[in-house]
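The structure appears right after this line, and notes come after that.
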Amino acid sequence: MLHFTIRRLILSVPTLLFISLVIFLLLDLAPGDPMASIPLTVPPEVKEKMREALGLGEPVHIRFLNWLYQFFVVEPQVAFDHIFGTDFSEGKQRIISFQSRSPVMSVVAERMPQTLWVVGLSYVFATLIAVPIGIFSAYRQYSWFDQLGTFISMVGFSIPTFFSGVLLIVVFSVILGWFPSIYDTTHTITDWGSFWFQVKQMAMPVFVLTLYNAAQVSRFMRASMLDNLNQDYVRTARAKGLSERVVVLVHVLRNSMIPVVTVIALGVPNIFGGAIITEQVFQVNGLGQMLISAIYASDAPMVQTLTFIFAVLIVLFNLIADILYGILDPRIRYD
Amino acid sequence: MTFKTALMGAVASLALVPAAFAERGADGHVNIIYYQAPSTMNPYLSGGTKELESASLVLEPLARYNEAGTIVPYLAESVPTVENGGVSEDLKTITWKLKEGLKWSDGTPLTSEDVKFTWEYCTTEGGGCSQSEKYNDVVEVETPDELTVVVHFGVPKPFPYGPFVGAQAPIVQKAQFADCVGEAMASCTEENFSPIGTGPFVVDEFKTNDVVSLSANPHYRDPNKPAFATATLKGGGDAQSAARSVLETGEFDYAWNTQVSPDLLEAMLAKGKGQLVSAFGTLVERIMVNMTDPDPALGDERATAAHPHPILSDLAVRKALSMAIDRALLTEIGYGDAGRPTCNVLPAPAIYNSTANDACLTQDIEGAKAILEEAGWVDSDGDGIREKDGKKLSLLFQSSTNAIRQDFQAIIKQWWGEIGVETELRNIDASVFFGGDAGSPDTFQKFYADVEMYANNFDGTDPEAYMANWECKQAPRPETQWQGNNMPRFCSDEYDALVAEMAKTGDINKRAELAKAMNDMLMQEYVIIPLVDRGRLSAHSNTLGGVILNTWDSELWNAADWYRIKE
């Protein structure tokens, strides 16, 4: 297993390099200009100078190598310096966003808390809710609980978050006035009162995202359980006189987890990608909102860095999913 | 509630003014929402409206424009003019006197050195300062004493209020930015995010593209202002959610640019928590008519003056296109109270506003048909499209991707269809259309279409540079790397002479006459078809007093005077 993990990790290096090149070229070839959002009252000569100051005058390969150096050498050094108080990165050029002219990675770090709080927490909730619902729905197929679960997951699946989000705002912020409609990212938790405020401002976005994610996972869980419940080994287990509890939660569940683990593991990178629409609706201003505004502003270094981080996470969580298969099913061995 | 009653409400709330004379910080916290979040607090790095306006809470110019478009002194003692001797007779020197005792928010005194440094800061090569145009023609800035700044221009400047005036050209602190000049400009993140200023507020925390936390400047020149101890400027979301947060939930006190469909706003106003304010500036939504042939077969000479447009060169066609448009209807559909129909490309300030073209306000389909008929454009083959000498009246109409613009395109296509003009519509993503990339065929400068629609305006109140946009030499063409603002490629010696005349005329009334003459020439040649004079529309809570919407400067220009209306 260890060999397999190491081999996969080494193999992922050329994959990621290739991905970064593809992203870079796509962004470079894509039409769009970081100066496009500047008012027309700023004359073209000035815009040209601003473009030069952004380093857009350099040829493509130089800019790509620059980015690689900054991402793999300078940024880790900065992180190292930050943790250990050293000064390896002193005077080195970091990856700079076109919009704000500030280092991309510090903006990422700034956005991480609200993204993890809102999107991450909703993913945890979704998983915790969806798995039991999926199990019970499959075990009591076509019962009223299953029907209700199916209905709710259909709702979660089919109602887009930009609709459910606005609906919640209208009901709970405008009419009832229970929750704030705009997320305050400067809020810090100091006592129970501020904690309660944090809970209130997270309630709606977390609910919207939980509904959406839970719908997906519970469907997978149910389908996978149904596949296994009719297998011969289940009958054997029952014939051996095992309790229903052991049959369902040990034998069937473990075998049914394999496809579900894939879905859950591959969903984790999406947390870091943020929930673009939900963040926009509630003004959570996390990583997703940052990505979309960077795309609109043709902020290539920002988009490049963010998409590349997602690529790394996707490759990583693929690997984690593969390893989990081996743990869940001893028959799967990679060596 | 109609807009009128909202205005009445605004007037009524002024009656509560006495509450304003409180001490600094007495009114607690104010929440401002900009649905486009500022990415930096340094206006010299960005040039975007959202950055200019958020920075105006902190940084101040020597003088700025008030809501009537008049220049009022801020850091300066008074506004220099030729009459008061502040501007030299040859129009090449302007002398500013700073107010005495001004302090930066860190407690150090503001001196003429800071003003001089601001000029150097923005004009040093390699920095890419977005406002360098404001410092055009400045050859030297002298500082004879701590409070006097003498700006020397290389050429006579009839309007010498470019440098250090308006939200675009505020003063930055020399001590803070001394190491951030030239190529280092962009790397000074700390400085760019929390500049030290003289304005009513100081930056406590800046989160890029998200939120700015501010508090009252302890050294602000008026000891009783600002009334608010702290302020938050939140960004993100969209215009509708921003409007909702002020008008419906009351979470925010002020929302910038609440350009939402008029009926939605009406429903929100019904909640009674806030009101709308609107004001008009110089932003005009217009159709540009291409006077050159955009036929792809022409290769390198496509859309250049070498080939006049086969059908649009005919004045009758251009005039008919304009006459067929119902501007009042367009305004109502697209902008409601935040727009008004206009027949001028230069609609404001009032002294520049021509009335010679007002006939265009009424749609005249029959008249348009008659003009085409008379000019020999007839529908001889019965397909509903007029033709002449084998050329069909068929146009490609492009614009940027934007819901209102696409509505406008569809409606205008309908009207033009009625007068026998066939229109093909096209829309291009704004980042490409306005991007100015000389390699792209889709930019508004290349204008590979017959007509195009967008909006433009000018900074401040002086239209000299704006009207010079339509000089011959401003036409985008291969030699200029397709840069320039003369999209119609309009070229007239008479017009160029007026531009040259204005550049050396100092008298304001003569300047107004010249600007009007230029506007009328463009309008009567129908190379630009103005549609809507677009105003600004913002919303504020009923409990926020002192708001005066200003389209000539930052909307937050008088945030120092804002206060909480006590119930």
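What the table below lists for this structure:
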item	result
Placed amide H near B:T423: partners under 5 Å, 5+ positions off or other chain	B:L395
For chain A: relative contact order, % (alpha-carbon pairs under 8 angstrom, 6 or more apart)	26 percent
Packing-based ranking, highest mean first, of B:116-125, A:322-331 given that Cβ atoms within 10 Å are counted	B:116-125, A:322-331
Under 26 Å from B:K97, Cα to Cα: lysines that are on another chain or at least 8 residues apart	B:K116, B:K134, B:K157, B:K174, B:K225, B:K504
10 Å Cβ neighbours from other chains, averaged over peptide B:235-245	5
Sequence-distant residues sharing a close amide H with B:S105 (under 5 Å, placed H)	B:G197
Segment B:433-441 - phi-based ³J(HN,Hα) in whole Hz, Karplus 6.51/-1.76/1.60, Gly and Pro as x	4, 8, x, x, 6, 5, x, 8, x
Average beta carbon contacts from partner chains per residue of A:96-108, 10 Å cutoff	6
Long-range amide H partners of B:L544 with built H, under 5 Å	B:I565
Unit charges on C-beta of K, R, D, E only; dipole of segment B:124-177, Debye	200 debye
Sum of -39500 (n - 2.57) over DSSP H runs of 4+, divided by residues of the protein assembly as shown (222 nm, nearest 500)	-12500 deg cm²/dmol
Ordering of B:134-146, B:180-192 by packing [mean C-beta count within 10 Å, highest first]	B:180-192, B:134-146
Rg/Rh (Cα only; Kirkwood hydrodynamic radius) as it applies to segment A:104-328	1.04
Net charge of Cβ neighbours under 14 Å - reference B:Y65; Lys, Arg +1; Asp, Glu -1	-4
Relative packing of peptides A:219-232, A:89-102 - highest average C-beta neighbours within 10 Å first	A:89-102, A:219-232
Net +/- balance of residues flanking B:D429 in space, Cβ distance below 11 Å, scoring K and R +1, D and E -1	-2
Net charge dipole size for segment B:308-386 [Lys, Arg +1 and Asp, Glu -1 on Cβ; Debye, nearest 20]	360 debye
Summed side-chain charge close to B:G336 - residues other than B:G336 whose Cβ falls under 10 Å, Lys, Arg +1, Asp, Glu -1	-4
Estimated vicinal HN-Hα couplings, Hz - segment A:228-239 in sequence order (Karplus 6.51, -1.76, 1.60; Gly, Pro = x)	7, 4, 9, 6, 4, 5, 6, 4, 4, 4, 5, 4
Karplus-derived 3J(HN,Hα), 6.51/-1.76/1.60, for each residue of segment B:140-157, Hz, glycine and proline x	7, 10, 9, 10, x, 8, 4, 10, 10, 10, 10, 9, 9, 9, x, 10, x, 10
Likely footprinting exposure, A:I83, A:I135, B:I529, fewest C-beta neighbours within 10 Å first	A:I83, A:I135, B:I529
Other protein chain Cβ atoms within 10 Å, averaged over every residue that makes up A:45-52	6
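Read-outs: derived from the displayed coordinates by stated rules, not from any lab. For clarity, every value in this text was computed on a predicted model and none was experimentally measured. Don't worry about glycine lacking a Cβ; one is built from the backbone with ideal geometry, like all the others, and counts go over all protein chains shown.
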